[in-house]
Amino acid sequence: AKHAGRNTHFFFNESMQVEAQHHLLVNADLLRGLAADEFELYYQPILNIKTRQVDKCEALIRWNHPEKGLVMPDFFIPVAERTGSIVGLGNWVLQQACKDMRVFLEAGLDIKISVNRSASEFYSIKAYETWKNIFKDNEVDSHRFIFEITESLFMGRHAAHIDVISALHEIGVQFAIDDFGTGYSAINYLRNYPVDYLKIDKSFVQDLLTSKQDRMLVEVIIKMGQVLDIVVIAEGVEELGQLDLLQQFDCDYIQGYWLSRPQPIMQIIDRCLEPINQ
Ligand code: C2E
Ligand code: CA
Ligand code: CA
Ligand code: CA
């Protein structure tokens, strides 16, 4: 604050500096890890409730760190977003997802891969060319990919966003709004952007059985999806009771520990090839 005393001011700066230094260290290690091929994509199946088939999987990044062991994305994705390394990391993710797509197809699994994208990856129109070339070089069909973005992307005033999104949509890439309901209350963007899926945030699903309010919100989101012709995916389904309710509400897809945790590709392939008999 403007009128803060000298000490407060100094202390504030110091903690910011410590944070910045931490970011720089993590970032340097991340770039080293990227060069050393330490990252891996895990996959979590997304179940079509109506057909009872897994026809999509979400790719979730993991870091097999030589000293720290398995490092989760919440540790390094925010850093990569702040430093700009997310662009290179995001390209690696798409490249790896393309290679994995070929493995899924060869195993006889007819699926789409849903990849997470950060808003800052859309800042330049070059993103479209880069990603289009990644699909082309790996000889995979861009129709097999869904990009998960968050509502915050629509709040920035970057003109490139719109162009990148519509150019990708034109070559068959679908778009999902991740963590739906947690960002901004404005839903106007749903009318103006090619949104194919809404992913109901797991915080709503978690209290589905205990909170009447969350239950109503989930029901309304599902209804809205039906009216707008947007497919609805409920995240974070951990119990059968939650699935039962979502089914009653006519939800399209579920994802969560109840079905499977995110796992390395070979485990997921084995798991998906087993029939689901619940
Ligand atoms: P997200 O996109 O919302 O992904 C869902 C997170 O919920 C994942 O955490 C997943 O493991 C976890 N999850 C799945 N089912 C359940 C459940 O039933 N219960 C609970 N409690 N959690 C569940 P994860 O893998 O740690 O990823 C965290 C976040 O990191 C992701 O949240 C996403 O925002 C980001 N992220 C992951 N991979 C990438 C990536 O390749 N690129 C970018 N930009 N971000 C990524
Ligand atoms: Ca996601
Ligand atoms: Ca999510
Ligand atoms: Ca998230």
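The values are calculated or read from the model by the stated rules, or taken from the named source; none is laboratory data. In this text, all values refer to a predicted model and were calculated from it rather than measured experimentally. Cβ sites come from the backbone with ideal geometry, for glycine too, and all protein chains shown count toward neighbours.
With respect to the conditions (1) surrounded by 14 or more Cβ atoms within 10 Å (Cβ to Cβ); (2) touching a residue at least 60 places away in the same chain (Cβ under 8 Å); (3) not charged (D, E, K, R), GLN247 lacks only one, and its number is (1). Being among the small types (Gly, Ala, Ser), modelled with pLDDT of 90 or more and more than 16 Å from ligand 3 (Cβ to nearest atom) is the filter here; which residues of region 134-181 pass it? Correct list: SER142, SER166, ALA167, GLY172.
In the set LEU89, LEU30, LEU105, LEU70, only one residue is without any contact (Cβ under 8 Å) to a residue 24 or more places away in the chain and assigned to a helix (DSSP H, G or I); that residue is LEU105.
Residue-level analysis places ILE254 outside the set of residues that are β-branched (Val, Ile, Thr) and within 16 Å of ligand 4 (Cβ to nearest atom). For region 36-93, the set of residues classified as among the basic types (Lys, Arg), away from ligand 1 (no atom under 13 Å from the Cβ) and surrounded by 14 or more Cβ atoms within 10 Å (Cβ to Cβ) consists of LYS56 only. In the set TYR193, TYR253, TYR189, only one residue is within 15 Å of ligand 3 (Cβ to nearest atom) and among the hydroxyl-bearing types (Ser, Thr, Tyr); that residue is TYR253.
Selection of first residues in region 48-59 that are free of Cβ contacts under 8 Å to residues at least 60 places away in the same chain and of second residues that are within 16 Å of ligand 2 (Cβ to nearest atom) and of a type in the set (Lys, Arg), restricted to Cβ pairs under 8 Å at least 6 apart or on distinct chains, gives the following pairs, ordered by first then second residue: ASP55/LYS112.
Within region 258-278, restricting attention to residues that are under 16 Å from the mean Cα position of the chain (by Cα) and part of a loop (DSSP other than H, G, I, E, B), the residue that is surrounded by the fewest Cβ atoms within 10 Å (Cβ to Cβ) is ARG261.
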